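The values are calculated or read from the model by the stated rules, or taken from the named source; none is laboratory data. These numbers come from a predicted model, not from an experiment. Cβ coordinates were reconstructed from backbone atoms using ideal geometry, including for glycine residues, and neighbour counts include every protein chain displayed.
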Amino acid sequence: MIEKIGTAYELPFEVRCTPGHVFSSGGDVSVVVSFLPGPPPDLNLIAEILGAFAGLGMTGAFAGAEIEPWNSELKLGEASGSLRLTNKFDFSFCMADEWALSVLTQLFTAKRAALSLKSLEISAAGREATVKLRHIPDLSSTLPPVFARIPFLLIDEEPESGGYTFTAELQSPVLPKHQEYLEGALKFWTMVVRRGGYEMAPIPPEESFVELFVDRVIVFGATVEWTILKLRADPDCINGVVNIFAAFHYRCQPLISLSIS
């Protein structure tokens, strides 16, 4: 339920939402972006923000604990509006954890210097956005959790060095098209981290950082390896990576295990 969602950041703009199920509704969701009077807004920047958000949503990363990652998606449609003070963007087939809202607001917060935002209004089809997103300073995490029923063995060594290596053992050698799919999904995750969607208060979202060993997965037959050397973001952003592998398990090729070291 969207009423339970909050933000650890004191946002420089207002966020209002429809009560009840929004991103997890399975239907259409509208995002209305309103600006303060001034120079014309940078619509390309807004499209980049929403494109990164929707792209990661299509990977299953925002599935959360209850929604099956392979059935999780957020499809971005065309923009409409005045192209001045108010612009409306539509998402369809929305099936994601409600905490995805936190990622979206942080992506916009990271670009607050470039966008004179007045408000964001997120509404499910046919319902008004009447609930204001609350500022809760002591929130321990504001990100979608990992799926509760991972369909393969998950070995999380909970590394504390700031780096992570994901090693997936598949039931058969990785097909090139499936390697390409996985690399594309992980690129969206990396993009959203670097754009501030996964930051942890009080660190400003625009200071987020992730350094990869290489910008692709390393494949040895039926083994896939992907390494993060440095990460400056909320550690719970790793939930999204695990959910991406869970989606890969059903959309592409089944895993035997995934280890995080």
_Criterion first (closer than 19 Å to residue 186 by Cβ and assigned to a loop (DSSP other than H, G, I, E, B)) does residue 159 satisfy it?_
yes
*Could you run through the range 112-145 and say how many residues are surrounded by 19 or more Cβ atoms within 10 Å (Cβ to Cβ), of a type outside the set (A, V, I, L, M, F, W, C) and within 16 Å of the chain's Cα centre (by Cα)?*
2
_Filter pass, residue 232 being surrounded by 14 or more Cβ atoms within 10 Å (Cβ to Cβ), under 21 Å from residue 73 (Cβ atoms) and among the basic types (Lys, Arg)_ = no
*asked:* Just the residues that are of a type in the set (D, E, K, R) and either touching a Phe, Trp or Tyr at 6+ places or on another chain (Cβ under 9 Å) or closer than 20 Å to residue 123 by Cα (or both), please, taken from the range 1-46.
replied: 3, 4, 14, 16, 28
*Scan 55, 64 and give me the residue that is surrounded by 14 or more Cβ atoms within 10 Å (Cβ to Cβ) and on the phi > 0 side of the Ramachandran plot.*
64
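Residue-wise test of (1) at pLDDT 95 or above; (2) closer than 30 Å to residue 151 by Cα; (3) exposed (fewer than 15 other Cβ atoms within 10 Å of the Cβ); (4) over 14 Å from the mean Cα position of the chain (by Cα).
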site	(1), (2), (3), (4)
2	no, yes, no, yes
10	no, no, yes, yes
20	no, yes, yes, yes
37	no, no, yes, yes
40	no, no, yes, yes
71	yes, yes, yes, yes
82	no, no, yes, yes
*Inside the range 129-145, can you point out the residues that are touching a Ser or Thr at 6+ places or on another chain (Cβ under 7 Å) and small (Gly, Ala, Ser)?*
129
_Residues that are part of a strand (DSSP E or B) and of a type in the set (Lys, Arg), drawn from the range 232-261_ = 232
*Given the conditions (1) outside the structural domain of residue 35 (by TED's automatic domain parsing); (2) not in a loop (DSSP other than H, G, I, E, B), report the number of the one that residue 119 does not fulfil.*
(1)
*Going by the conditions given, is residue 210 buried (at least 16 other Cβ atoms within 10 Å of the Cβ) and not polar (S, T, N, Q)?*
yes
_Given (1) touching a Cys at 6+ places or on another chain (Cβ under 6 Å); (2) over 20 Å from residue 20 (Cβ atoms), number of the condition residue 171 does not satisfy_ = (1)
*Is it the case that some residue within the range 87-100 is among the hydrophobic types (A, V, I, L, M, F, W, C), in contact with a Lys or Arg (Cβ under 9 Å, 6 or more places away or on another chain), surrounded by 22 or more Cβ atoms within 10 Å (Cβ to Cβ) and over 16 Å from residue 238 (Cα atoms)?*
yes
*Only one residue in 56, 76 is of a type in the set (A, V, I, L, M, F, W, C) and in a helix (DSSP H, G or I). Which one?*
56
*Working carefully through the options 186, 143, find the one that is outside the structural domain of residue 253 (by TED's automatic domain parsing), out of contact with any Leu (no Cβ under 7 Å at 6 or more places or on another chain), aliphatic (A, V, I, L, M) and closer than 27 Å to residue 50 by Cβ.*
143
*Selection within the range 206-227 - free of Cβ contacts under 8 Å to residues at least 60 places away in the same chain and not in a loop (DSSP other than H, G, I, E, B)*: 207, 209, 210, 211, 212, 218, 219, 220, 223, 224
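Assigned to a strand (DSSP E or B) and over 19 Å from residue 8 (Cα atoms): does that describe residue 126?
no
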_I need a count of the residues in the range 10-35 that are closer than 13 Å to residue 92 by Cβ, outside any strand (DSSP E or B) and of a type in the set (Gly, Ala, Ser)._
3
